[in-house]
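Chemist: The structure that follows is given in the form of structure tokens.
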Amino acid sequence: MPVLRGIDLRIDPGEVVGIVGPNGSGKSTLLRILATLLRPTDGSVSVLGSRTGSEGILAARSGIALLGHHPGLWGELTLEENLTFVARMAGASTDGVAAALEQVGLGGAKQRRADHSSHGMQRRVEFARVLLIKPQLLLLDEAHAGLDRAAQMLVNVTVSDVRRRGGAVVLVSHEPDRMLPLVDRTYHLDGGTLLSNGQAP
Amino acid sequence: MSGRAFWSQVKEIARKDLLIEGRAGEALFITIPFGAVALMLIPLAIGTDKPLLAQVGPGMFLAVALLFGMLIAFRQTAADTPPQKELLTLLGTDPAAQFVGRMAASTLLLLIFEAVLAPVTVILYNPGRIPRWPWLLLVMFLLALGLALVGTLAGSVTAGLRTRNTLTPLLVAPLSMPLLLASAQVVEALRKEASILLWITLLATMNLTIAVIGVVTARPLEESSR
């Protein structure tokens, strides 16, 4: 049984798009398809100018950042080592690691191991990663979940940073209230189908 | 991806794996002591039969290196969680670079394992002076490399499968047996002062074949594991 049906969606550079819907509506699946981590069984997806399944998508992937429910950190590494590793793998400079950690309020905790850090701190490292590698497409899955008020401001800062650089942002949430101030357009997803057509909030 | 970027990713993956292993201690602080204990069991069982101990010593070293070495090559700390895998994919990591980097880290850990086990074997079994013994260093390297390759390849094949823990030994056992047999035959040939070229060639060819398979299948395996 298909999770998503009849999705027709275009997101332009510099746009911030919100997708709201109840649990199980297919939001995370849509986000993973946009991240090129899942391939649709039918239809086609083009991300950053490359079609999913083509050779070009491999290069395009390095311009995508996905912040999901579980932070992609290595527990035995310190917060700084995690970011340094990411920067080196992405071919980015490691000069900005300390500044990115300062920016998300983790300057004093950079030597702390990831598995000795709270979930909120791990989420902050994810935002530091985005600030460091500067993706062209940022995909945020329930970005505000599990964050305190100060950390929630990081969502705004990060989204603004990507938008300012001409990148696109997609936020999905089942709680639209905190997301709406950030987005240009909102889609409602239910039962795998887009019910609204990109209304301004 | 340029060759320089590829090898840079290989270096970073290997460095990360070694750093994680150094802190988790799964191989160095758990598997190595147990491997040494396993080597002690046979002398305790055989007693003071020195000629017999000398005869079985190298074989015991190879068997323990194989059995416990697979635990190192297939250690839990080298397995990425789904979010980590997705992050690596979105960072543009070449799956072949992941394979080579992970295999390089495992090879180094296995060489450390063998370097600890070798003197323990000499002390416990006193195998005597084996003619042309420096060739054994090459065998130890090829065995470590082979086990690392087999373990990394099995890890790639079973990544994302629920039956990973069951399927891995089934994949690893048939692939590692030729490594054990060829290594044992080299020791035997050295003792008899016979030619070892055939067995060394077999070890090297097998390693090269697994390496090529691992590199070529890295991307399709990575794509299918999601």
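The values are calculated or read from the model by the stated rules, or taken from the named source; none is laboratory data. Given the structure is predicted, the values throughout are model-derived calculations rather than measurements. Here the Cβ positions follow ideal geometry from the backbone for every residue, glycine too, while neighbour counts run over all protein chains shown.
Chemist: Does region B:128-135 contain any residue that is aromatic (Phe, Trp, Tyr) and within 16 Å of the chain's Cα centre (by Cα)? Steps first, answer last, please.
Modeler: Restricting attention to region B:128-135, the residues satisfying the condition of being aromatic (Phe, Trp, Tyr) are B:133, B:135.
Next, from what is left, pick out any that are within 16 Å of the chain's Cα centre (by Cα): none.
Checked against the condition, which is being aromatic (Phe, Trp, Tyr) and within 16 Å of the chain's Cα centre (by Cα), region B:128-135 yields no hits at all.
Chemist: Moving on to the next point. Do any residues in region A:43-69 that are more than 10 Å from chain B (Cβ to nearest Cβ) and farther than 30 Å from residue A:146 by Cβ have Cβ atoms under 9 Å from those of residues that are in a strand (DSSP E or B) and β-branched (Val, Ile, Thr), where the two are at least six apart or on different chains, and which pairs are they?
Modeler: A:57/A:47
Chemist: Could you grab me the full set of residues in region A:30-44 that are surrounded by fewer than 20 Cβ atoms within 10 Å (Cβ to Cβ) and at pLDDT 90 or above?
Modeler: A:32, the sole residue that qualifies.
Chemist: Please find, among B:110, B:88, the residue that is surrounded by fewer than 24 Cβ atoms within 10 Å (Cβ to Cβ) and either part of a helix (DSSP H, G or I) or β-branched (Val, Ile, Thr) (or both). Full working, then the answer.
Modeler: Numbers: B:110 fails: surrounded by fewer than 24 Cβ atoms within 10 Å (Cβ to Cβ).
Checking each option against the conditions leaves just B:88.
Chemist: For residue A:114, state whether it is within 13 Å of chain B (Cβ to nearest Cβ), touching a Leu at 6+ places or on another chain (Cβ under 8 Å) and closer than 24 Å to residue B:78 by Cα.
Modeler: On the way: within 13 Å of chain B (Cβ to nearest Cβ): yes; touching a Leu at 6+ places or on another chain (Cβ under 8 Å): yes; closer than 24 Å to residue B:78 by Cα: yes.
Yes; evaluated as a whole, the condition is true for this residue.
Chemist: Condition check: more than 10 Å from chain B (Cβ to nearest Cβ), aliphatic (A, V, I, L, M), part of a strand (DSSP E or B) and touching a residue at least 24 places away in the same chain (Cβ under 8 Å). Does residue A:140 satisfy that? Step through it out loud before you land on a result.
Modeler: Working: more than 10 Å from chain B (Cβ to nearest Cβ): yes; aliphatic (A, V, I, L, M): yes; part of a strand (DSSP E or B): yes; touching a residue at least 24 places away in the same chain (Cβ under 8 Å): yes.
Criteria met by residue A:140.
Chemist: Answer yes or no as to whether residue B:93 is within 18 Å of the chain's Cα centre (by Cα) and either among the acidic types (Asp, Glu) or surrounded by 14 or more Cβ atoms within 10 Å (Cβ to Cβ) (or both).
Modeler: On the way: within 18 Å of the chain's Cα centre (by Cα): no; either among the acidic types (Asp, Glu) or surrounded by 14 or more Cβ atoms within 10 Å (Cβ to Cβ) (or both): yes.
So residue B:93 does not fit the description; no.
Chemist: Would you please list the contacts, defined by Cβ atoms under 6 Å and residues six or more apart or on different chains, that run from a residue in region A:103-123 that is farther than 21 Å from residue A:156 by Cα to a residue that is part of a loop (DSSP other than H, G, I, E, B) and small (Gly, Ala, Ser)?
Modeler: Listed by first residue and then by second, the contacts come to A:114/A:75; A:115/A:75.
Chemist: Something else: Filter region B:7-29 for residues that are in contact with a Ser or Thr (Cβ under 7 Å, 6 or more places away or on another chain) and polar (S, T, N, Q) and give the result. Quick ask: steps written out before the conclusion?
Modeler: Kept after step one, since they are in contact with a Ser or Thr (Cβ under 7 Å, 6 or more places away or on another chain), are these residues of region B:7-29: B:9, B:20-21, B:24, B:26.
B:9, the sole residue that qualifies.
Chemist: Of all residues in region B:134-152, how many are within 12 Å of residue B:207 (Cα to Cα) and surrounded by fewer than 21 Cβ atoms within 10 Å (Cβ to Cβ)?
Modeler: 1
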